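Just below is one structure, and these are the notes that go with it.
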Amino acid sequence: MKRIMLWSIMTFAATGFNAQKSDNSLKKAFQNKFYIGTAMNLDQIHGTDTKSVDIIKKQFSSIVAENCMKSMYLQPKEGQFFFDDADQFVEFGDKNKMFIIGHTLIWHSQAPDWFFTDKNGNNVSSKVLKQRMKDHITTIVSRYKGRVKGWDVVNEAILEDGSYRKSKFYEILGEEFIPLAFQYAQEADPNAELYYNDYNEWHPGKVKTVTQLVKNLKAKGIRIDAVGMQAHIGMDSPSIGEYEKAILDYAKAGVKVNITELDISALPSPWGTSANISDKVQYDEKMNPYRNGLPKDVQIQWENRYEDFFKLFLKHKKNIRRVTLWGVSDNLSWKNDFPIKGRTDYPLLFDRQYKSKPIVGKLIRLAEEGR
Ligand code: 9MR
């Protein structure tokens, strides 16, 4: 009798464990909370990186293209669009019933030079730039109308002190380029969600200008649905309190928050959490301390940091539309080369062998507990 009982307990434990292993996923656990997404690179979009593709299909409910929808790729020459990669990306999302995000329509970086210059290399007039923005946005948004559900309309236009970035868009059009971009996108697909996306968006200076921007757009009758807070997070900065305050401020201004581009670097940072990709720092051995793996204490600290942020996101789930990781596995992360080239970082949920890290199970449990 005792033996039978022991056997059934063991069988139950074993099947319970297996079921958890095979059925549970981030996508299922978070389905009534918010979309949980990832960025996709070209090998994933083309289907050649099958290990990543399996993970994406199983774990994520939303996708964004890491690079192939940026203006230098979509319109490398005026009027010459290249849609092959973006088309495959959108097809993948449709086929797998995912919430598809377009990244990004207007960004000063990765924009081709022709966008801003005439044939003599001088800045174009405001009239010409407006027309080019309109053509670019209208062509792309109309092509994926009804399929791409939300667009990062403008990316990284405000600096930490709250001033506008002195980009070519700003130089030629002033602050007006932002409402114009939103208006063109809205006209091209009235049902798509429209976002302003930026890094360090918890900085009080940025929060002030971005909330003002939201109010100005709304006052003009132009729709903005959410602010995308890029979450390139470090081990010490930002604090949960700083992040929470920003989420609440954006909610108060009448928009949802997308947590975008989430990755938590386990490495020392030379300057904080900027994601301005033109900034680079010289390689230094001391800044690459974990080439052969994370020490246990750092790994625990890193996991706690992920858990703390997800607790925050779950606490504010009413205001959060989506949480999107900036990639699948550590080996593919941009963080290995930023802000210092050639380091070994551990910012994502899947390791270099494409195995889920223990944090995945912990996040699933957190979501299930918060049901
Ligand atoms: O991860 C992206 C990297 O592969 C590209 O080389 C880089 C330049 O296009 O952009 C990276 O993604 C950026 C995102 O588009 C906007 N926010 C900052 C991200 C990291 O630089």
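Quick notes on this structure:
- Estimated translational diffusion coefficient (Stokes-Einstein, Kirkwood radius over Cα pairs, 4 °C, 1.567 mPa s) of region 247-306: 88 µm² per second.
- Exposure ranking of W114, W151 by accessible area [1.4 Å probe, largest first]: W114, W151
- Among D43, D198, the sequence by solvent-accessible area, most first, with a 1.4 Å probe is D43, D198.
- Computed from the C-alpha gyration tensor, the three semi-axes of the ellipsoid equivalent to region 27-159 are 31, 15, 12 Å, from longest to shortest.
- Relative to the dominant Cα principal axis of the chain, helix 50-59 is inclined by about 80°.
- Ranked by the mean number of other Cβ atoms within 10 Å of their residues, highest first, the peptides 226-232, 282-288 fall in the order 226-232, 282-288.
- Exceeding the 32 Å Cα-Cα cut-off - candidates K127/K318; K145/K215; K208/K355; K245/K286; K33/K280; K33/K208: K127/K318; K208/K355; K245/K286; K33/K280
- The H on the amide N of A231, modeled in the peptide plane, is under 5 Å from the matching H of T260, E261, L262, D263, each at least 5 residues off or on a different chain.
- Accessible area in the full protein assembly, largest first, 1.4 Å probe, for M69, M235: M235, M69
- For region 92-228, the spread of Cα coordinates along the three principal axes comes to 45, 39, 27 Å, biggest extent given first.
- For region 104-126 versus region 66-96, the gap between their alpha-carbon centres in whole angstrom: 19
- Rolling a 1.4 angstrom probe over the chain with all protein chains present gives an accessible area of which 52% lies on carbon and sulfur atoms.
- Accessible surface of I277 - all protein chains present, 1.4 Å probe, nearest 10 Å²: 60
- From the largest down, region 215-371 spans 52, 40, 25 angstrom on the principal axes of its Cα atoms.
- Taking each DSSP H run with n ≥ 4 as -39500 (n - 2.57) and averaging over every residue of the chain yields -12500 deg cm²/dmol at 222 nm.
- The residues of the chain present an accessible area of 46 Å² per residue when probed at 1.4 Å with all protein chains retained.
- Rolled with a 1.4 Å probe across the full set of protein chains, the surface gives L159 an accessible area near 50 Å².
- Mean projected area (nm²) of the alpha-carbon convex hull when the chain is viewed from all directions: 20.8
- Heavy-atom accessible surface of R321, to the nearest 10 Å², is about 70 Å², with a 1.4 Å probe and all protein chains retained.
- The chain: antiparallel DSSP beta bridges as a percent of all, rounded to 5: 10
The values are calculated or read from the model by the stated rules, or taken from the named source; none is laboratory data. Bear in mind that the values here come from a model prediction, so they are computed numbers and not experimental data. In this analysis, Cβ positions are derived from the backbone assuming ideal geometry, glycine residues included, and neighbour counts consider all displayed protein chains. When the accessible area is computed, the model is the full protein with side chains, heavy atoms only, and any ligands, DNA or RNA have been set aside. Shrake-Rupley method; radii C 1.70, N 1.55, O 1.52, S 1.80 Å.
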